[in-house]
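Here the structure is laid out as structure tokens; the discussion comes afterwards.
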Amino acid sequence: MGKWYNEAVFYHMYPLGMTGAPKENKEPETVHRLRELFPWIDHLKEIGVTAIYIGPLFESSTHGYDTKDYKKVDRRLGDNEDFKEFVRLAHENGIRVVVDGVFNHTGREFFAFQDIQKNREHSPYCSWYKGVNFGWNSPYNDGFGYEAWRNCFELVNLNLYEQAVRDYLFDVIHFWITEFDIDGIRLDCADCLTFDFMKEMRYRTGQWKEDFWLMGEVIHGDYARWVNDEMLHSTTNYELHKGLYSGHNDHNYFEIAHTINRLNQLAQGIKLYTFTDNHDVARIHSKLNNKEHIYDVTMLLYTVPGIPSIYYGSEFAIDGNKENGSDWNLRPCLELDDFDEDTELLNLIRRLGILKKEYRELTEGAYEQMMLTNRQFAFARKCQDSAVITALNNDEQPAFFELPLM
């Protein structure tokens with residue numbers, strides 16, 4: 001048996017959007033919206049999903065990434081007991097659970113930042129953040145300056161070179177593992193974290209829970225810099241994500257094939273986290289000029305080297321684009337009962353889920369390109385004495401071609 005995460009089919013939930021929680025955390029009471037997601041677990045099991053990535057979850061001020069309290073589930077979603085129950089239900093159904101780890105920055109309501117606001121130079125937390133300077137000011141008129149993530153001053157950059165900060169964050173991870181029994185962490189903005197921090201995290205989490213999975217959000221670059229035996233197990237495959245839609249819109253399978261070959265050379269056996277859309281980019285159905293190409297894209301998602309992930313609702317081919325720089329359209333409130341469970345796309349996803357379980361070639365098989373034109377593409381995933389072949393056609397007309405078998 002290989003590692004659970006290498007064989008997984010993921011489902012990505014953005015719970016604040018999915019449950020229709022208010023965009024600002026101003027509710028005085030805890031509202032148990034997380035319980036609305038419990039019925040989704042049956043749906044996921046039925047379509048062959050084996051792991052959930054859910055987040056952000058922890059108490060924050062607005063969109064979830066401006067953390068206020070790392071040890072509390074956001075009151076707009078419920079309480080810690082609700083999330084324990086969610087993980088227990090998922091585990092009972094053979095589904096692992098991975099959460100968001102937002103360790104590059106905190107929100108302004110986090111206790112350490114509030115202590116600096118109150119005690120200024122005398123705060124013991126001045127070194128917890130980057131660039132704290134009492135000779136400057138901030139856009140919020142704090143009377144001191146600080147380094148913010150991409151100049152978003154609601155996100156204050158943590159100083160991961162400070163041992164106290166690292167110890168605090170490792171204590172948080174240990175809490176999530178012991179309290180909720182999570183199976184892994186998706187690291188927000190992993191390309192902003194220090195390598196030493198990730199090395200120490202890999203070592204510690206490996207001690208706390210065997211097969212604990214660390215996956216980093218990395219947009220561009222040589223993914224092998226982050227993924228190796230000392231640091232992360234995987235990163236987001238943004239490079240292929242772009243090719244999956246533009247290779248179809250431009251009738252250009254060369255782009256997709258070139259990206260797969262390039263990643264195979266760079267990644268050398270690393271299983272990248274492969275997706276068609278997520279909470280930061282437009283829905284795949286909205287991006288495709290020819291909506292019929294959704295089937296080809298889904299076939300690729302499951303059969304190229306990598307770990308496939310479906311973003312909630314995209315199995316129902318829902319649409320969503322960014323509007324005026326806002327991501328909320330990509331993170332809609334959905335009711336499972338509103339959707340037809342018997343569509344061509346869902347049936348394809350079910351079938352691919354079964355094939356992924358049945359054929360180890362789709363997890364372990366070496367990739368070999370067999371045929372390539374602008375509009376037709378075939379490749380194999382090969383084990384020693386067997387292969388699974390994927391053949392695709394992005395043309396409006398049927399295509400006929402012969403493939404030499406190995």
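Does any residue in segment 180-193 that is closer than 15 Å to Leu272 by Cα and of a type in the set (Gly, Ala, Ser) come within less than 6 Å, Cβ to Cβ, of a residue that is at pLDDT below 95 and open to solvent by less than 10 Å² (accessible area, probe 1.4 Å) six or more places away or on a different chain, and which pairs are these?
That search, which allows pairs on different chains as well, returns nothing.
Among helices (runs of 4 or more DSSP H) lying entirely in segment 24-125, which contain 2 or more residues that are in contact with a Ser or Thr (Cβ under 8 Å, 6 or more places away or on another chain) and either modelled with pLDDT of 95 or more or open to solvent by 10 Å² or more (accessible area, probe 1.4 Å) (or both)? It would help to see each step written out before you state the result.
Numbers: elements: 40-46, 80-92, 111-119.
In segment 24-125, 111-119 are the helices (runs of 4 or more DSSP H) which contain 2 or more residues that are in contact with a Ser or Thr (Cβ under 8 Å, 6 or more places away or on another chain) and either modelled with pLDDT of 95 or more or open to solvent by 10 Å² or more (accessible area, probe 1.4 Å) (or both).
Given the condition farther than 20 Å from Val9 by Cα, open to solvent by 10 Å² or more (accessible area, probe 1.4 Å) and of a type in the set (D, E, K, R), answer yes or no: does some residue in segment 263-271 qualify?
no
Taking into account only those residues within segment 316-374 that are free of Cβ contacts under 8 Å to residues at least 12 places away in the same chain, part of a helix (DSSP H, G or I) and open to solvent by 80 Å² or more (accessible area, probe 1.4 Å), which is farthest from Met13 (Cα to Cα)?
Quick first cut of segment 316-374, residues free of Cβ contacts under 8 Å to residues at least 12 places away in the same chain only: 323-326, 329, 335, 337-338, 342, 347, 351, 358.
Next, only the ones that are part of a helix (DSSP H, G or I) stay: 329, 337-338, 347, 351, 358.
Adding the requirement that they be open to solvent by 80 Å² or more (accessible area, probe 1.4 Å) leaves 337-338, 351, 358.
Numbers: Asp337: 17, Asp338: 17, Arg351: 22, Glu358: 26 Å.
Looking at the filtered set, the residue picked out is Glu358.
Taking Leu193 as meeting all but one of (1) buried (at least 20 other Cβ atoms within 10 Å of the Cβ); (2) more than 27 Å from the chain's Cα centre (by Cα), write down the number of the exception.
(2)
Checking His258 against (1) of a type outside the set (A, V, I, L, M); (2) surrounded by fewer than 24 Cβ atoms within 10 Å (Cβ to Cβ); (3) touching a residue at least 60 places away in the same chain (Cβ under 8 Å): exactly one of these is not met. Which one?
All conditions are met except number (3).
The rows are residues; the columns are (1) touching a residue at least 60 places away in the same chain (Cβ under 8 Å); (2) in a strand (DSSP E or B); (3) touching a Gly at 6+ places or on another chain (Cβ under 7 Å).
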{"position": "Gly269", "(1), (2), (3)": "no, no, no"}
{"position": "Ser286", "(1), (2), (3)": "no, no, yes"}
{"position": "Lys291", "(1), (2), (3)": "no, no, no"}
{"position": "Thr298", "(1), (2), (3)": "no, no, no"}
{"position": "Leu301", "(1), (2), (3)": "no, no, no"}
{"position": "Pro305", "(1), (2), (3)": "yes, no, no"}
{"position": "Ile310", "(1), (2), (3)": "yes, yes, no"}
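Looking at Glu179, Glu239, Glu255, Glu210, which is the one that is assigned to a loop (DSSP other than H, G, I, E, B) and of a type in the set (D, E, K, R)?
Details: Glu179 fails: assigned to a loop (DSSP other than H, G, I, E, B); Glu239 fails: assigned to a loop (DSSP other than H, G, I, E, B); Glu255 fails: assigned to a loop (DSSP other than H, G, I, E, B).
Glu210 is the lone residue from the list that is assigned to a loop (DSSP other than H, G, I, E, B) and of a type in the set (D, E, K, R).
Scan segment 298-309 for residues that are open to solvent by 10 Å² or more (accessible area, probe 1.4 Å) and more than 18 Å from Ala387 (Cα to Cα) and jot them down.
Selection gives Thr298 alone.
Restricting to segment 375-406, name every residue that is assigned to a loop (DSSP other than H, G, I, E, B), among the charged types (D, E, K, R) and open to solvent by less than 70 Å² (accessible area, probe 1.4 Å).
Within segment 375-406, the first condition is being assigned to a loop (DSSP other than H, G, I, E, B), and the residues that meet it are 375, 384-385, 394-406.
Narrowing further to those that are among the charged types (D, E, K, R): 375, 385, 395-396, 402.
If the condition is that a residue be assigned to a loop (DSSP other than H, G, I, E, B), among the charged types (D, E, K, R) and open to solvent by less than 70 Å² (accessible area, probe 1.4 Å), then Asp395 is the only one that fits.
Across segment 1-23, what is the number of residues that are at pLDDT below 95 and either part of a helix (DSSP H, G or I) or touching a Ser or Thr at 6+ places or on another chain (Cβ under 9 Å) (or both)?
1
The values are calculated or read from the model by the stated rules, or taken from the named source; none is laboratory data. As the structure is a prediction and not an experimental result, all values here were calculated from the model. A quick note on method: Cβ atoms are made from the backbone with ideal geometry, for glycine too, and the neighbour counts reach across all protein chains shown. The area values use the complete protein model at the heavy-atom level, side chains included, leaving out ligands, DNA and RNA. Shrake-Rupley method; radii C 1.70, N 1.55, O 1.52, S 1.80 Å.
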